[in-house]
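Worksheet: one structure, shown below.
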Amino acid sequence: MSKLSAIKRVKLLAYSLAVLFLIVHIVMYFIFRQNNVPPMEILNLISIIFYVLMLMLILNNQLCEFVVATFLEINIHMGAAIYYTGWNSGFQVTLIGICVLLAYSEYVGRSQHLKYIRFVLLAPVAMITYLAGFYISLKRPAPYALPENVSIFFQVAWAIIVFLCIFVVMQIFVYYAVASQEELTYEAMHDKLTGLPNRLYMSEYLQKVFQRPVDEAYWLAIIDLDDFKLINDTYGHNCGDYVLVTIANLIKSPGIEVCRWGGEEFLLSGKKVNYGPVALLQQIRQSVHDYNFEFDGYKLHVTMTIGMAWREPGMSLDQWISTADKKLYEGKAAGKDRLCL
């Protein structure tokens, strides 16, 4: 997942929250107006203007400022709502929900290298507002106690809004966390240059092969490009990279595992099914031999030598690889550009 697409998703979430809070304050303005709670009427008018400004803030990519300003607005607004209408109106539940949004905003800021505010700096403010509101509601009656049906409406509405926000944010958080883990795992298991699986991936694959019965006829082949150092020394490392990437594309075959084993070496492994691997490996070797390599106007003739070994009873993994490696060097000594079994 690219940084740009991640930021777009974060901005979309911020827009959605700002629009949601704007609509909520419009609805609350009319409810408080109908139930004659002047302080909350005024405060909701201010909040409506506030969230219009927040949309402009998001448009200018000031996401950290949006988080801090929204957090402070919610604390002030909900603290005032508890003070004027009492604990039974349910406004305090939003102070719990905003802490989840704070934690998520810090995660996004850290993971995307954006400006962020520490969760531990602001979350205690919400807790203090919550506890202060509870204490005040115990010590004095609310100046503008709402009718029971309106209080129930607010309790249910805030519960639904907060739970939905938590659900959406946590679901997004899980998605990003899993995607990041998968991306890290992929990078750890794949070669950056060729895109092929790397030695670590193939080692784990071969370990799994050794847990299967020997009679399943697995084979292993090590490929080494002939005179690759000469290519690098003559035409430069960019040319060498071009050759490696091209080779990687040429040796990919369905049904077999292919990896960059290291340097100019590739390792292939598979299980004998309806075809023999010898013909496949000869075809791969010939396709490289016949390919017209060209870099910066220079035409290159690239060949490869392949050493192959079957998995035999009583053979360890190291012995299996070593056998293929010995066959590879036998092929090199015999003149290169060949498959040695």
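Specify the residue that is surrounded by the most Cβ atoms within 10 Å (Cβ to Cβ); the eligible residues are those in the stretch 186-230 that are touching a Ser or Thr at 6+ places or on another chain (Cβ under 8 Å) and part of a helix (DSSP H, G or I).
Taking the candidates together, the pick is MET202.
In the stretch 107-162, which residues are of a type in the set (A, V, I, L, M, F, W, C), in contact with a Gly (Cβ under 6 Å, 6 or more places away or on another chain) and modelled with pLDDT of 90 or more?
Residues satisfying the conditions are ALA142, PHE154, TRP158, VAL162.
Does VAL100 meet the test of being assigned by TED's automatic domain parsing to the domain that holds SER180, part of a helix (DSSP H, G or I) and either among the acidic types (Asp, Glu) or within 23 Å of the chain's Cα centre (by Cα) (or both)?
The answer is yes for VAL100.
Going through LEU22, LEU12, LEU55 one at a time, which residue ends up being surrounded by fewer than 20 Cβ atoms within 10 Å (Cβ to Cβ), farther than 21 Å from VAL100 by Cβ and of a type in the set (A, V, I, L, M, F, W, C)?
LEU55
I'd like to know if the stretch 262-270 contains one or more residues that are surrounded by fewer than 18 Cβ atoms within 10 Å (Cβ to Cβ), on the phi < 0 side of the Ramachandran plot and under 29 Å from the mean Cα position of the chain (by Cα).
No, the stretch 262-270 has no match at all.
Within the stretch 286-302, identify whether any single residue is of a type in the set (Ser, Thr, Tyr), at pLDDT 95 or above, surrounded by 14 or more Cβ atoms within 10 Å (Cβ to Cβ) and touching an Asp or Glu at 6+ places or on another chain (Cβ under 9 Å), and answer yes or no.
No: the stretch 286-302 contains no residue that is of a type in the set (Ser, Thr, Tyr), at pLDDT 95 or above, surrounded by 14 or more Cβ atoms within 10 Å (Cβ to Cβ) and touching an Asp or Glu at 6+ places or on another chain (Cβ under 9 Å).
Being of a type in the set (Phe, Trp, Tyr), outside any loop (DSSP other than H, G, I, E, B) and farther than 30 Å from VAL214 by Cα is the filter here; which residues of the stretch 255-305 pass it?
Hits for the stretch 255-305 are PHE293, PHE295, TYR298.
Exactly one of these conditions fails for GLU183: (1) in the same structural domain as HIS301 (by TED's automatic domain parsing); (2) in a helix (DSSP H, G or I); (3) surrounded by 11 or more Cβ atoms within 10 Å (Cβ to Cβ); (4) touching a residue at least 12 places away in the same chain (Cβ under 8 Å). Give me its number.
Result: GLU183 passes all but (1).
The values are calculated or read from the model by the stated rules, or taken from the named source; none is laboratory data. What you see is a predicted model; the values in this text were computed from it and never measured. All Cβ positions, even for glycine, are placed from backbone atoms using ideal geometry, and neighbour counts span all protein chains on display.
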